[in-house]
Structures are given as structure tokens and as C-alpha cells.
Amino acid sequence: MALISLRVSDEVAAEFSAFAATQGGKSALLRRLIADALAAPAPRILALPVGRPEKVTVRFRESEMRQLAEVSHQRGMTRTGWIVALVRSRLGSPVQHSPHEHDALRAIVRELNRIGGNINQIARAANTSVLQGRAVEPDLSVIQEAKLVIERELAQLRSALHGNADYWDGPR
């Protein structure tokens, strides 16, 4: 059996270890991630741009230029960067997030991972109680509170993706 190794920061390693503990361990999680990546269907087009950049000239009206400047500034991007992100999102390339969106998405992912860990702990405790012959009486108020936290995190995720080159077009 082959061995794959890599180096990551101590912080990433600690976060990965904590998350992996809820997924059957680091090795099991890595094997599953690799298997999923290999089983994923090939993208319709290349995910990353290839070749040297070429210049394209596009003409906009004065009012459109003001809107472009405003939207790109709100996103913390240059006009050109925002236009490129918009076009790439339509071509199927990875979405280009502004620095603020990137930070927001990382925070949301961390929080959702914590919630997932809590749910696994709850399920484990309930299963242990049932196996020991004790009745499980869920506290519905805690479950409702957890549901609200998840809904809030999902709303933040939708907000971070909304307007990102029209990446989020789904219902809210």
C-alpha cells in the first residue's frame, strides 16, 4: 500500500484532526476524500485557466462604468478582477471570492464543522443510551436552537455567495 504525505501548518493540522475525529479518523477521512476526488466526474471545461492571458476590449456606457466601479469596490476587487471573476464563473471555473467573502466563508465552514461535531456527539450519546436500555428524551428547545444556528450559518453562506458573479441563483 502506498503512503501519501504532505506538510500543512500546525493550525490546519489541528483543525483537520478535530474534524477527522468526527469522521472516523484522519486516515479514513483522507482515503474517503481521495476516493471522492477520483470518482468525481471530469469537469466540462478546464477548471483553471491555461495559456498566456490575452487582452479583450469591452465597451460600457458611462452609467455601466459607474456601476462596475461601485460593485467591484464593494467586493474589494478591481473592475478588471471582478469582470474576470464574472466571466470565469460563467465558464465553469472556480468562483473568485473577494478577501472579505473568503474570510466569511472560512468562518462559516469552521462553524458548520463544529455544529457537525456536536451533532455526532449527540447521536453517539443517544445511541449509547439506547444500547444501555435507557430511554432517550430529547430536549426539543436545544434542537430548535441548533436548527436556528444552522439556518443562520446557511443564510450567511448564501449572503457571501450572493452577487459573486451570480454564483448563488438558488432559492433562499
How about the stretch 146-171: which of its residues are modelled with pLDDT under 70 and in contact with a helix residue (DSSP H, G or I) (Cβ under 6 Å, 6 or more places away or on another chain)?
-> ALA160, ALA165, TYR167, TRP168
When ILE108 is run through (1) modelled with pLDDT of 80 or more; (2) open to solvent by less than 50 Å² (accessible area, probe 1.4 Å); (3) farther than 22 Å from PHE19 by Cα, the failure sits at (3)
Restricted to the stretch 112-145 and to residues being at pLDDT below 80 and surrounded by 13 or more Cβ atoms within 10 Å (Cβ to Cβ), the residue nearest to PHE19 (Cα to Cα) is ALA126
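Could you pull out the residue among ARG31, ARG44, ARG52 that is open to solvent by 70 Å² or more (accessible area, probe 1.4 Å) and at pLDDT 85 or above?
On the way: ARG31 fails: at pLDDT 85 or above; ARG44 fails: at pLDDT 85 or above.
The match here is ARG52.
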Mind checking which pairs have a first residue in the stretch 61-73 that is open to solvent by 50 Å² or more (accessible area, probe 1.4 Å) and a second that is outside any helix (DSSP H, G or I) and basic (Lys, Arg), Cβ under 8 Å, 6 or more apart or different chains?
-> none
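The values are calculated or read from the model by the stated rules, or taken from the named source; none is laboratory data. Not measured: the values here are computed from a predicted model. So basically every Cβ, Gly included, is an ideal-geometry build from the backbone, and we count neighbours across all protein chains shown. Keep in mind that these areas ignore ligands, DNA and RNA; they rest on the heavy atoms of the full protein, side chains included. Shrake-Rupley method; radii C 1.70, N 1.55, O 1.52, S 1.80 Å.
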